[in-house]
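One structure is given below, encoded as structure tokens.
The values are calculated or read from the model by the stated rules, or taken from the named source; none is laboratory data. As the structure is a computational prediction, the values presented were derived from the model and not from experiment. Glycine gets a Cβ as well: all are built from the backbone with ideal geometry, and neighbour counts include every protein chain shown. To get the accessible areas, we keep the full protein, side chains included, count just its heavy atoms, and leave off ligands, DNA and RNA. Shrake-Rupley method; radii C 1.70, N 1.55, O 1.52, S 1.80 Å.
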Amino acid sequence: EKKVKDLCGSRGGVDVVYDPVGGDLWDASVRCAAFGARLLIIGFASGKVPQIPANILLSKNLDALGFYVGAYFTERLEETTECFRELMEMLKEKKIKPLIHSEFPLEKTGDAIAMLRDRKASGKVIVSV
């Protein structure tokens, strides 16, 4: 926390917290948020659902926003389908490039899972069939 705040200088913390993990990481991230920051709750891979004390939201004027992409498939199916179609087109045209950490053959699936479990990947881990 101190290192993050030091890096932010006079700002006093980060402007945006993007957290797909939750748990202890979430708690530390909220403490690193600057006055007026936005907290993006993307998931809780840690298994612990993020909690935000209302007094922290109030005293630091924080915005909290939940984002669950799966809800768009039921609430806004047509728009979401179009977005994914455009995204796949951009991928096909190489306008965007996913960050791929490793690729494994099917028979090495266990190694791929271990890499994810051990948090050694910084990008996509692909199992080719």
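Look through Val30, Val69, Val21, Val17 and report the one residue that is surrounded by 15 or more Cβ atoms within 10 Å (Cβ to Cβ) and within 25 Å of Val127 (Cβ to Cβ).
On the way: Val30 fails: within 25 Å of Val127 (Cβ to Cβ); Val69 fails: surrounded by 15 or more Cβ atoms within 10 Å (Cβ to Cβ); Val17 fails: within 25 Å of Val127 (Cβ to Cβ).
That would be Val21, the only listed residue that is surrounded by 15 or more Cβ atoms within 10 Å (Cβ to Cβ) and within 25 Å of Val127 (Cβ to Cβ).
Any chance the stretch 3-10 includes a residue that's closer than 27 Å to Val127 by Cα and at pLDDT below 95? Reasoning before the result, please.
Going through the stretch 3-10, the residues closer than 27 Å to Val127 by Cα turn out to be none.
No, the stretch 3-10 contains no residue that is closer than 27 Å to Val127 by Cα and at pLDDT below 95.
Would you point out the residue of the stretch 11-50, among those that are modelled with pLDDT under 90 and aromatic (Phe, Trp, Tyr), that is farthest from Gly66 (Cα to Cα)?
Only one residue fits best here, namely Trp26.
For Val14, indicate whether it is free of Cβ contacts under 8 Å to residues at least 60 places away in the same chain and either of a type outside the set (A, V, I, L, M) or over 30 Å from Val129 (Cβ atoms) (or both).
Numbers: free of Cβ contacts under 8 Å to residues at least 60 places away in the same chain: yes; either of a type outside the set (A, V, I, L, M) or over 30 Å from Val129 (Cβ atoms) (or both): yes.
Considered against the rule, which asks whether it is free of Cβ contacts under 8 Å to residues at least 60 places away in the same chain and either of a type outside the set (A, V, I, L, M) or over 30 Å from Val129 (Cβ atoms) (or both), Val14 comes out as yes.
Could you figure out which of (1) small (Gly, Ala, Ser); (2) closer than 25 Å to Lys3 by Cβ; (3) over 18 Å from the mean Cα position of the chain (by Cα) isn't true of Ala33?
(3)
Kindly indicate the residue of the stretch 88-109 that is open to solvent by 80 Å² or more (accessible area, probe 1.4 Å) and in a loop (DSSP other than H, G, I, E, B) and also farthest from Phe44 (Cα to Cα) among those meeting that condition.
Looking at residues that are open to solvent by 80 Å² or more (accessible area, probe 1.4 Å) and in a loop (DSSP other than H, G, I, E, B), I get Glu93.
Which pairs have Cβ atoms under 7 Å, sit 6 or more apart or on different chains, and link a residue in the stretch 115-129 that is farther than 11 Å from Ile100 by Cβ and surrounded by 12 or more Cβ atoms within 10 Å (Cβ to Cβ) to one that is modelled with pLDDT of 95 or more and not basic (Lys, Arg)?
That search, which allows pairs on different chains as well, returns Met115/Ser102; Met115/Val125; Leu116/Val125; Val127/Phe104; Val127/Leu106; Val127/Thr109; Val127/Ala112.
Does Gly70 qualify as being within 28 Å of Leu116 (Cβ to Cβ) and outside any loop (DSSP other than H, G, I, E, B)?
In short, yes.
Would you confirm whether or not the stretch 53-61 contains a residue that is at negative phi and touching a Phe, Trp or Tyr at 6+ places or on another chain (Cβ under 7 Å)?
Going residue by residue through the stretch 53-61, those that are at negative phi are 53-60.
Filter again for touching a Phe, Trp or Tyr at 6+ places or on another chain (Cβ under 7 Å), leaving 60.
Within the stretch 53-61, one or more residues are at negative phi and touching a Phe, Trp or Tyr at 6+ places or on another chain (Cβ under 7 Å).
Would a scan of the stretch 46-60 turn up a residue that is within 21 Å of the chain's Cα centre (by Cα) and closer than 30 Å to Ser128 by Cα?
yes
Only one of these is assigned to a helix (DSSP H, G or I), charged (D, E, K, R) and either without any contact (Cβ under 8 Å) to a residue 60 or more places away in the chain or surrounded by fewer than 13 Cβ atoms within 10 Å (Cβ to Cβ) (or both): Arg85, Arg38. Name it.
Residue meeting the stated conditions: Arg85.
For the stretch 52-66, how many residues meet the condition of being assigned to a helix (DSSP H, G or I), open to solvent by less than 90 Å² (accessible area, probe 1.4 Å) and not aliphatic (A, V, I, L, M)?
Number satisfying all stated conditions: 2.
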